[in-house]
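One structure below.
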Amino acid sequence: MTVRPPVWVCELAARFWAEVGPPPPFPRNLRDVACWLTDLTVQEVPGLTLSRAAEHFRRAGIHCSEATHDRPLCGCFGARTCAIILIDPDDEPDQLRFTFAHELAHFLHDWREPRHRASRRFGPAILEVLDGTREPTFTERLAGALRGAPVGPLTHFLERDRWGRVTGDDAHEAEEAADRLAFELLAPFEAVSPATSDTHRSLAARLTGTFGLPPEPARKYATALLR
């Protein structure tokens, strides 16, 4: 059975392309179009690690807690009044492609979209609360103005256990959501067009060969599309 992506994934991807322009050909390099996002900065950090990411974010005024264990990173997203994606430019091209799409998905889904919803409902002044520069008023708290929107600095370090697995239900949900949106941006369902004759192996091979996904994300996406 073929399983379509969640509605929110398709809607958010459509809004992204409406903003930045027509999608480029496959395999897509989203950095070529993300330059049109005026509220996002991308920085390359060779040998990116948790500690180096924290240092870069602190210099940008995005304060974050110290990591209990340093480890290498392919990429990382952080935001407060500004949003920054850090990536390690030394990774393989397919890994770079997916890493950037994944961190872009955190930007779109976890930071920007909740802020837009809050701003549309309560006006731009609510952004001062979300940025952590003032406390919410009683009315704002009563109205649930902050529901679902990050308040203060947001960093997607996400602690891992000693086996490298994501810990905590909220962290797991955030990572799964970022993967699903990244898949749709890089290899949209309508373009992939899974067939009933597809096997997980054949579909994963098409996702790597045509759409440029790394092998492990390709297998994960194929599993999500074929049940």
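Numerical summary
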quantity	calculated
Scan of the range 179-191 for residues that are open to solvent by 10 Å² or more (accessible area, probe 1.4 Å) and among the small types (Gly, Ala, Ser), ordered by number	ALA191
Residues being in a helix (DSSP H, G or I) and either surrounded by fewer than 13 Cβ atoms within 10 Å (Cβ to Cβ) or not small (Gly, Ala, Ser) (or both) - total across the range 192-224	15
Residue under evaluation THR81, criteria (1) surrounded by 14 or more Cβ atoms within 10 Å (Cβ to Cβ); (2) modelled with pLDDT under 95; (3) farther than 27 Å from ALA14 by Cα; (4) β-branched (Val, Ile, Thr), criterion not met	(3)
Candidate set: the range 1-10, residues that are surrounded by fewer than 16 Cβ atoms within 10 Å (Cβ to Cβ) and aliphatic (A, V, I, L, M); chosen: the one modelled with the lowest pLDDT	MET1
The range 106-125 - residue that is free of Cβ contacts under 8 Å to residues at least 60 places away in the same chain and within 23 Å of the chain's Cα centre (by Cα) and, of those, surrounded by the fewest Cβ atoms within 10 Å (Cβ to Cβ)	ARG120
Single unsatisfied condition, GLU128 versus (1) modelled with pLDDT under 80; (2) within 21 Å of THR38 (Cβ to Cβ); (3) assigned to a loop (DSSP other than H, G, I, E, B)	(3)
Of the criteria (1) touching a helix residue (DSSP H, G or I) at 6+ places or on another chain (Cβ under 6 Å); (2) over 30 Å from THR208 (Cα atoms); (3) open to solvent by less than 40 Å² (accessible area, probe 1.4 Å), which one ALA54 fails	(1)
Residue in the range 11-47 that is farthest from ARG71 (Cα to Cα), counting only those that are touching a His at 6+ places or on another chain (Cβ under 9 Å) and buried (at least 16 other Cβ atoms within 10 Å of the Cβ)	LEU12
Among the residues listed as PRO89, PRO46, the single one being farther than 21 Å from GLU184 by Cβ, assigned to a loop (DSSP other than H, G, I, E, B), modelled with pLDDT of 95 or more and in contact with a strand residue (DSSP E or B) (Cβ under 8 Å, 6 or more places away or on another chain)	PRO89
Sole residue being on the phi < 0 side of the Ramachandran plot, modelled with pLDDT under 80, out of contact with any His (no Cβ under 6 Å at 6 or more places or on another chain) and assigned to a loop (DSSP other than H, G, I, E, B), chosen from ALA171, ALA145	ALA145
Odd one out for GLU103, checked against (1) touching a residue at least 40 places away in the same chain (Cβ under 8 Å); (2) within 30 Å of PHE26 (Cα to Cα); (3) surrounded by fewer than 21 Cβ atoms within 10 Å (Cβ to Cβ)	(3)
Filtered residues of the range 57-78 (kept if within 20 Å of LEU108 (Cα to Cα), aliphatic (A, V, I, L, M) and open to solvent by 30 Å² or more (accessible area, probe 1.4 Å))	ALA60
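The values are calculated or read from the model by the stated rules, or taken from the named source; none is laboratory data. Keep in mind the model is a prediction, meaning the values are calculated, not measured. Methodologically, a virtual Cβ is constructed for each residue, glycine included, from the backbone with ideal geometry; neighbour enumeration extends over all protein chains shown. The protein model used for the area step is the full one, side chains on, heavy atoms only, and it has no ligands, DNA or RNA in it. Shrake-Rupley method; radii C 1.70, N 1.55, O 1.52, S 1.80 Å.
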